[in-house]
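Comments concern the structure below.
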Amino acid sequence: MLISTKRFRRSAIALMTAALLITAVGCSDTEEDTSNNKEASQTEGTLDLGVQANLDDLCADPAQYDGRAVTFAGSMIEEVSVSTTAGCTEGMQDGCCGNAVWMTFTIPCGEDALVLVAAPGANFPVAQGRVDYAAGTEREELITNSSTSFGCVGQECALECTPGSADELVNLSATFRFDSSVDAFSGPTEEGGDGAYRLELEVSEATLNNQ
């Protein structure tokens with residue numbers, strides 16, 4: 001099974017003094033290869049550290065902001081995913097296939113990324129991988145045994161997300177955590193999006209657009 005990390009870039013971020021351009025990725029038509037189709041939207045958001053600082057300041061000196069409360073808009077989120085298109089067939093470029101997907105929500109931060117995780121006691125529902133169409137025994141077990149407490153797991157067009165999909169997240173409250181002993185973020189793994197990260201946003205509250 002081929003596994004490859006890819007970035008799902010979804011929005012343009014306007015920060016107090018700088019802008020970041022983001023795009024998004026969808027389904028693929030290549031059997032035994034990685035997906036790379038794109039769709040784009042343009043939204044804006046601001047990360048609020050509660051002081052006269054912005055995302056550039058935090059990324060330049062993360063140790064200074066460790067433990068600080070942070071609020072930000074869901075439009076700042078970049079989806080970073082690892083997936084396989086094993087089981088896909090030609091002609092499925094307008095649809096989806098029996099692959100496996102693990103998606104993590106992040107905010108770009110220089111050569112690293114702020115990774116969104118559930119804060120202790122946040123009580124977000126756990127997302128469990130779901131199979132809605134033929135995946136094959138091996139992939140089906142891989143998908144249905146996958147879960148995450150913040151992000152998405154499942155098949156390309158049958159993702160289970162918590163506390164919602166990136167498009168549903170409007171406003172979030174979190175605590176920033178910095179761990180210099182951990183390497184820079186490179187993408188989610190087959191185990192899901194709940195690992196240890198160098199730069200974390202421990203989300204305690206999330207407002208969804210359907211609430």
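The values are calculated or read from the model by the stated rules, or taken from the named source; none is laboratory data. Given the structure is predicted, the values throughout are model-derived calculations rather than measurements. Note: areas computed on protein heavy atoms with side chains; ligands, DNA, RNA excluded. Shrake-Rupley method; radii C 1.70, N 1.55, O 1.52, S 1.80 Å.
Across all C-alpha atoms in segment 93-179, the radius of gyration and Dmax reach 14.5, 42 Å. Accessible surface for segment 142-211, divided over its residues, is 44 Å² per residue with a 1.4 Å probe. For Arg177, the accessible area of its heavy atoms, probed at 1.4 Å with every protein chain present, is near 100 square angstrom.
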